[in-house]
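**Student:** Structure in structure tokens, see below.
The values are calculated or read from the model by the stated rules, or taken from the named source; none is laboratory data. Given the structure is predicted, the values throughout are model-derived calculations rather than measurements. Here Cβ is always computed from backbone atoms with ideal geometry, including for glycine, and neighbour counts include all displayed protein chains.
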Amino acid sequence: MNLTWDLSPLYKNIDSDEFKNDKKNYKKKINELNIWTEKNFLTTENAQEKIENYITQKNELTKYNKLALYLNLLSSTDTSNEKILKEIDETEEIELEITAHEINFIQYLKKIQDIEEIIKTSKILPDYSFYIKKLKKYSKHTLSPTEENIISNMKKNGSMLFKKQWEQLSSNLLVDIEKNGKLQQLPLSVIRNLAYDSDPNIRKRAYKSELNSYEKIDTSAAFSLNGIKGEVITISKIRGYSSPLEMTLKSSGIDKKILNTMFFSIKEHIPFIQKYFLKKAEILGHKNGLPFYDLFAPIDKNDIKFTYNEAKDFIIKNFTAFSEKLGNFARNAFDKNWIDVLPKKGKVGGAFCEGIHSIRESRILTNFTGTLNDAITLAHELGHAYHDYCLYDEKELNSDYPMPIAETASTFCETIILNSALKTANQHEKKIIIENDLSGIAQTTIDIYSRFLFEDELFKRRKQSFVSVNELKEIMLKAQKEAYGKGLDENYLHPYMWICKPHYYDADFNYYNFPYAFGLLFSKGLYSKYLKNGDNFIELYDKMLSITGKNNISSCAKLCGIDLYDPTFWNSALKIIKDEINDFLNL
């Protein structure tokens, strides 16, 4: 079986004629659209015709998005390849020119008073109503085309460069560790996966080696982080937002009331979730709470293990038990080699899914080592791919969904395979499966809350001055203590979590932590509705996913009978988790 992904449906290679021609045509089409908008958006005469024309040209342009996606996929498994990096730089330079026509269009929408009437009387525009109205609403936060162009170019030499520096530092960091009686140097992704090892000595040694290794890069990473967050603060201010959080919430499609309602419910349940940590600590022989290096430890040496083929069969079987459509989709993803499976030097850590609308496919990166958690991660990423699949009948302009809803289908797929697996598991296996699920849930609620607290405090301090390595460590430790409480042993926390989490280093995705909590709880609420309504819910679920690019999150939730402003919904989702913790305590 091929354990590396097949990128040939995109391009044969970066030297191919198709790649070179697309790159050339992409630049040409962007330039043509820039010139067209400059000439045609001077007056509001024939506004409907002009907007229709722009939407048509913009849709045509989206087919070239696969250029950047292809290069980023190549780079994610070979981060030091200078030829790929050079192509990325050149493609980013081309894409910077997109800003011109996008800003011209947004500024044009700002001039139009009767946008509702224009949309309603058009044959084309009603399908893009959400997209157009969203941009018009955003127009009050846009600057002049010249200023926006300056920002785009500055980002290329600012946050985008800092992000690349962090990627180089973290993906190529070799960690010194004693293993099998020998001193070895292993990639960071391999070391972090040792947190799931059945040997407690290896877990502890890996934890200490990981923390020590960060000292090699912590100053450089801190400069990257300060540069990125400083830029975000500046941009959010000149756009007229009160804070980066307000800017993020506006782009996420939720408001502060929804966020606060969710976090309030999580905080109310922290004491109960702590019982899970304390019970796991007791099982593993710890007296002062759970040390960070045992957060992901298997509670039984006879942990459930998977070969990649077994994980594949496990996922396909349980997805199919939910719906034939989902099962067939997963089978196709495996058969067509959409997945890059194993960790290696130069490959980025963690896991992600990239939807490629132009070829109606996705690509998934994992760092699979054979644990139950690896199988669940694979299901999670396939959930992202399925969400994209549900949107492929839409034009690409109508397929872009906000961060919080992005983690819904992925987490829903985790729930599917875990609940299906529990039905046939024996008592011993049930204990392992439930604990593994609770480990992920705790990360998505408690640890995510700590990451939110960290980032919020980081923005506040960065607004005043440069935040040093020691300050970053101090903020992280404080956030972990507040979120985990007595659940974690305060002598064994993780002061360097700000280095190993990629979301902190993307200037376009600030606060990419709360969407995971949202996705978890929203998906739990959806799954409870599935249990009540059975197969009748599946069609509604697919429909909900298919409209996420053309509706706000509240409307998507209402389609499924959910009110995101009601604390009762969040508490009901957390009750499912509470019941699962009780099951674990009783087991």
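**Student:** So residue 83 ticks every box in (1) assigned to a loop (DSSP other than H, G, I, E, B); (2) surrounded by fewer than 17 Cβ atoms within 10 Å (Cβ to Cβ); (3) not aliphatic (A, V, I, L, M) but one. Which box is left unticked?
**Tutor:** Among (1) assigned to a loop (DSSP other than H, G, I, E, B); (2) surrounded by fewer than 17 Cβ atoms within 10 Å (Cβ to Cβ); (3) not aliphatic (A, V, I, L, M), residue 83 violates only (1).
**Student:** If the requirement is being in contact with a Lys or Arg (Cβ under 9 Å, 6 or more places away or on another chain) and buried (at least 18 other Cβ atoms within 10 Å of the Cβ), which of these qualifies: 71, 109?
**Tutor:** That would be 109, the only listed residue that is in contact with a Lys or Arg (Cβ under 9 Å, 6 or more places away or on another chain) and buried (at least 18 other Cβ atoms within 10 Å of the Cβ).
**Student:** Listed residues 296, 322, 314, 334; which is aromatic (Phe, Trp, Tyr), in contact with a helix residue (DSSP H, G or I) (Cβ under 8 Å, 6 or more places away or on another chain) and not assigned by TED's automatic domain parsing to the domain that holds residue 364?
**Tutor:** Of the residues listed, the single one that is aromatic (Phe, Trp, Tyr), in contact with a helix residue (DSSP H, G or I) (Cβ under 8 Å, 6 or more places away or on another chain) and not assigned by TED's automatic domain parsing to the domain that holds residue 364 is 296.
**Student:** Given the options 366, 320, name the one that is touching a Leu at 6+ places or on another chain (Cβ under 8 Å), farther than 25 Å from residue 205 by Cβ and among the hydroxyl-bearing types (Ser, Thr, Tyr).
**Tutor:** After ruling out the rest, the residue left standing is 320.
**Student:** Is there a residue in segment 184-197 that is among the aromatic types (Phe, Trp, Tyr) and assigned by TED's automatic domain parsing to the domain that holds residue 238?
**Tutor:** Scanning segment 184-197, I find at least one residue that is among the aromatic types (Phe, Trp, Tyr) and assigned by TED's automatic domain parsing to the domain that holds residue 238, so the answer is yes.
**Student:** Give 93, 116 a once-over and let me know the one that is over 19 Å from residue 509 (Cα atoms), in a helix (DSSP H, G or I), more than 27 Å from the chain's Cα centre (by Cα) and not basic (Lys, Arg).
**Tutor:** The conditions single out 116.
**Student:** List the helices (runs of 4 or more DSSP H) inside segment 377-487, counting only whole elements, that have at least 3 residues being closer than 22 Å to residue 504 by Cβ and free of Cβ contacts under 8 Å to residues at least 60 places away in the same chain.
**Tutor:** The qualifying helices (runs of 4 or more DSSP H) are 448-462, 469-484.
**Student:** State whether the residues of segment 135-142 include one that is at pLDDT below 90, under 30 Å from residue 547 (Cα atoms), part of a helix (DSSP H, G or I) and of a type in the set (Gly, Ala, Ser).
**Tutor:** yes
**Student:** Would you mind stating whether residue 369 is surrounded by fewer than 17 Cβ atoms within 10 Å (Cβ to Cβ) and among the hydroxyl-bearing types (Ser, Thr, Tyr)?
**Tutor:** no
**Student:** Report, by residue number, each residue of segment 172-198 that is assigned to a loop (DSSP other than H, G, I, E, B) and within 13 Å of residue 345 (Cα to Cα).
**Tutor:** Scanning segment 172-198 gives 172, 173.
**Student:** In segment 160-171, is there at least one residue being within 25 Å of residue 500 (Cβ to Cβ) and touching a strand residue (DSSP E or B) at 6+ places or on another chain (Cβ under 7 Å)?
**Tutor:** No: zero hits.
**Student:** Can you give me the number of residues within segment 65-87 that are closer than 16 Å to residue 396 by Cα and without any contact (Cβ under 8 Å) to a residue 60 or more places away in the chain?
**Tutor:** Residues meeting the conditions: 2.
**Student:** With the condition kept exactly as written, say whether any residue in segment 472-482 is of a type in the set (Gly, Ala, Ser), under 30 Å from residue 587 (Cα atoms) and in contact with a helix residue (DSSP H, G or I) (Cβ under 6 Å, 6 or more places away or on another chain).
**Tutor:** No, that holds for no residue.
**Student:** So which pairs qualify, if the first residue must be in segment 49-64 and on the phi > 0 side of the Ramachandran plot, the second must be of a type in the set (Gly, Ala, Ser), the Cβ gap must be under 7 Å, and the two must be at least 6 apart or on different chains?
**Tutor:** Filtered contacts from segment 49-64: no entries.
**Student:** Residues 393, 388, 400: which one is out of contact with any helix residue (DSSP H, G or I) (no Cβ under 6 Å at 6 or more places or on another chain), modelled with pLDDT of 95 or more and within 19 Å of residue 358 (Cβ to Cβ)?
**Tutor:** 388
**Student:** Could I ask something else about it? Residue by residue through segment 296-326, note down the ones that are closer than 17 Å to residue 434 by Cβ and modelled with pLDDT of 95 or more.
**Tutor:** Selection gives nothing.
**Student:** For residues that are crowded, with 21+ Cβ neighbours inside 10 Å and of a type in the set (A, V, I, L, M, F, W, C), scanning just segment 214-230, find the one that is farthest from residue 495 (Cα to Cα).
**Tutor:** So the residue we want is 228.
**Student:** While we're here: For segment 324-360, which residues satisfy the criterion of being under 19 Å from residue 306 (Cβ atoms) and among the acidic types (Asp, Glu)?
**Tutor:** Once the filter is applied, which keeps residues that are under 19 Å from residue 306 (Cβ atoms) and among the acidic types (Asp, Glu), segment 324-360 yields 335, 340.
**Student:** Scanning for something assigned to a helix (DSSP H, G or I), in contact with a strand residue (DSSP E or B) (Cβ under 9 Å, 6 or more places away or on another chain) and either aromatic (Phe, Trp, Tyr) or under 30 Å from residue 205 (Cβ atoms) (or both), does segment 119-134 turn up at least one residue?
**Tutor:** no
**Student:** Where in segment 497-578 are there helices (runs of 4 or more DSSP H), lying wholly inside it, with at least 1 residues that are in contact with a His (Cβ under 9 Å, 6 or more places away or on another chain), over 12 Å from residue 262 (Cβ atoms) and not β-branched (Val, Ile, Thr)?
**Tutor:** The helices (runs of 4 or more DSSP H) meeting that bar are 497-500, 535-546.
**Student:** Which of the residues spanning segment 212-271 are of a type in the set (Asp, Glu) and either assigned to a helix (DSSP H, G or I) or touching a residue at least 40 places away in the same chain (Cβ under 8 Å) (or both)?
**Tutor:** 218, 231, 246, 268, listed by residue number.
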